[in-house]
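Everything below concerns the one structure shown next.
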Amino acid sequence: MLSRSRPSDTITYLEDGDWAVLTRAICVIYDSKGAVANRETLKSGASSLLVDKANYRHFMAKEIYEQPEVVGQTLARYVDMAAKRIALPFELPFDFNDIRRILITACGTASYAGHVAKYWFERLARIPVEIDVASELRYREAPLRKGDLAIVISQSGETADTLAALRYAKAQGLHTISVVNVPTSTIARESKTVLPTLAGPEIGVASTKAFTCQLMVMAALAIAAGKGRGELSDIDELKLVGELIEVPRLIAEAFAIEPQIEKLARDIAKSRAVLYLGRGTSFPLALEGALKLKEVSYIHAEGYAAGELKHGPIALIDESMPVVVIAPYDRVFEKTVSNMQEVAARGGNIILMTDATGASEATVDSLVTIVLPDVAATFTPMIYAIAVQLLAYHTAVLMGADVDQPRNLAKSVTVE
Ligand code: M6R
């Protein structure tokens, strides 16, 4: 195919083995045998307006602040707002009653969204969930049961390991669902069922708004699964969906903590390492908080299940160690407080992220207490994500790091 240069809103997909000669003037595509190939050209719906920094200094800040809107748009795609019922955009080609186990796989931040969802599926739908990073899943020859369900999660839809994991699950005869942000991506095109996140283009290398949108989709899917399996009644669904509907507003309210986070970032920026702790769904959020901080600020950070503290990481704690404890006032709050006591006893500097009740019930002194809006216990990760994202962002800015393009990282990892 020989053509004049096209505007950047046109897309041509290459097939396996294809290669192209691209100049300012022309694009010629050849197939694996070297013959000129005529591949279809499609129009992309992407708008250049969406890839502008607007009045923000960095894409990461803009994308953090877009969350009330994009999470709200994603919610509206999955929920009948008037009836307060889940209304998935597509009919699923299977019955949740036939699914014995769900496999969730993804990389990086997307895998932490999957981790949170494991708690939701197990609690709301009583389906066992296995979660594995795609780079491990693809090679460990996991025995999978035909007819079960695999869910892959990816912002870009181009992550090589996630794509390979999807192909593996398909080859094993599993039903597959992809939760993808880029609708034209390879993962979306290779998936029979695509559940879109409506985060819009995410430019900052650190994933922020895609994460909370992934959580919104997974929450809706977990409720649908619970309903489909008879684990949730109509009333349960009404209640849970009512709680989900509150999430975009609560995310917007969470930005009130920003001045406090900016101040805290001055201390964190001087730290050599930071520990993040959480229990239940706050555990994957601790992993995400640590990843966010290390990738944009280059400060070493680790996330742990709070109960694991005494099995090793407690040895790290001294007066120089900030410990971010993510502890909304939920059913495991008291347990997390006892872990905070272990930290305090060793002189660690506790940064408690909690809600008003948690702040008044915590019996341990913290260096800083960040009070987030009250949110239904099931869905706290979508609100607390704002706190860990802002902390990473402001720390990195203070340190003069290249926030949008951290060293050594690529937005989309298309190689192994
Ligand atoms: O595009 P994907 O969601 O598949 O990308 C997965 C990871 O590469 C990505 O989340 C990465 O960990 C980000 N840098 C995290 O902020």
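With the requirement that a residue be open to solvent by less than 20 Å² (accessible area, probe 1.4 Å) and either outside the structural domain of Ala224 (by TED's automatic domain parsing) or more than 19 Å from the chain's Cα centre (by Cα) (or both), what does segment 165-175 give you?
Across segment 165-175, the qualifying residues are Ala169, Leu174.
So which residues in segment 280-302 are crowded, with 24+ Cβ neighbours inside 10 Å and more than 15 Å from the chain's Cα centre (by Cα)?
Gly280, Val296, Ser297, Ala301
Given the criterion in a loop (DSSP other than H, G, I, E, B) and in contact with an Asp or Glu (Cβ under 6 Å, 6 or more places away or on another chain), identify the matching residue among Ala210, Ala206.
Ala206
Mind checking which residues of segment 323-347 are part of a loop (DSSP other than H, G, I, E, B), small (Gly, Ala, Ser) and without any contact (Cβ under 8 Å) to a residue 40 or more places away in the chain?
Gly347
With the requirement that a residue be at pLDDT 95 or above and among the hydrophobic types (A, V, I, L, M, F, W, C), what does segment 190-215 give you?
Selection gives Val194, Leu195, Leu198, Ala199, Ala206, Ala210, Phe211, Cys213, Leu215.
Could you say whether any residue in segment 71-87 is of a type in the set (Val, Ile, Thr) and touching a Cys at 6+ places or on another chain (Cβ under 9 Å)?
yes
Evaluate the following for Asp355: is it away from the ligand (no atom under 16 Å from the Cβ) and in contact with a Phe, Trp or Tyr (Cβ under 6 Å, 6 or more places away or on another chain)?
Judged against the criteria, Asp355 is a match.
Can you tell which of Ala387, Ala410, Ala392 is within 15 Å of the ligand (Cβ to nearest atom) and in the same structural domain as Leu352 (by TED's automatic domain parsing)?
Exactly one of Ala387, Ala410, Ala392 is within 15 Å of the ligand (Cβ to nearest atom) and in the same structural domain as Leu352 (by TED's automatic domain parsing), namely Ala392.
Quick grid of which residues meet (1) in contact with a Phe, Trp or Tyr (Cβ under 8 Å, 6 or more places away or on another chain); (2) farther than 25 Å from Leu352 by Cα; (3) within 16 Å of the ligand (Cβ to nearest atom):
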{"position": "Gly228", "(1), (2), (3)": "yes, yes, no"}
{"position": "Leu238", "(1), (2), (3)": "no, yes, no"}
{"position": "Arg249", "(1), (2), (3)": "no, no, no"}
{"position": "Ile268", "(1), (2), (3)": "no, no, no"}
{"position": "Ala273", "(1), (2), (3)": "no, no, no"}
{"position": "Tyr276", "(1), (2), (3)": "yes, no, yes"}
{"position": "Gly280", "(1), (2), (3)": "yes, no, no"}
{"position": "Ala286", "(1), (2), (3)": "yes, no, yes"}
{"position": "Glu295", "(1), (2), (3)": "no, no, yes"}
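Conditions tested, residue by residue: (1) open to solvent by 30 Å² or more (accessible area, probe 1.4 Å); (2) in a loop (DSSP other than H, G, I, E, B).
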residue: Ala54; (1), (2): yes, yes
residue: Lys62; (1), (2): no, no
residue: Ala76; (1), (2): yes, no
residue: Pro89; (1), (2): yes, yes
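Answer with yes or no whether Ala220 is within 29 Å of Met60 (Cα to Cα), in contact with a helix residue (DSSP H, G or I) (Cβ under 7 Å, 6 or more places away or on another chain) and either more than 14 Å from the ligand (Cβ to nearest atom) or assigned to a helix (DSSP H, G or I) (or both).
Answer is yes for this residue.
Has segment 341-349 got at least one residue that is hydrophobic (A, V, I, L, M, F, W, C), within 16 Å of the ligand (Cβ to nearest atom) and not assigned by TED's automatic domain parsing to the domain that holds Pro201?
no
Could you list, ordered by first residue, the pairs with Cβ atoms under 6 Å in which the first is in segment 262-289 and among the hydrophobic types (A, V, I, L, M, F, W, C) and the second is part of a helix (DSSP H, G or I) and surrounded by fewer than 17 Cβ atoms within 10 Å (Cβ to Cβ), at least 6 apart or interchain?
Ala265/Leu398; Ala269/Leu398
Restricting to segment 358-408, give me the number of residues that are open to solvent by 30 Å² or more (accessible area, probe 1.4 Å) and in contact with a His (Cβ under 8 Å, 6 or more places away or on another chain).
1
Listed residues Leu309, Leu293; which is of a type outside the set (D, E, K, R) and either assigned to a strand (DSSP E or B) or under 22 Å from Ile383 (Cβ atoms) (or both)?
That would be Leu293, the only listed residue that is of a type outside the set (D, E, K, R) and either assigned to a strand (DSSP E or B) or under 22 Å from Ile383 (Cβ atoms) (or both).
The values are calculated or read from the model by the stated rules, or taken from the named source; none is laboratory data. Bear in mind that the values here come from a model prediction, so they are computed numbers and not experimental data. A quick note on method: Cβ atoms are made from the backbone with ideal geometry, for glycine too, and the neighbour counts reach across all protein chains shown. Surface areas here come from the heavy atoms of the whole protein model, side chains and all, with no ligands, DNA or RNA. Shrake-Rupley method; radii C 1.70, N 1.55, O 1.52, S 1.80 Å.
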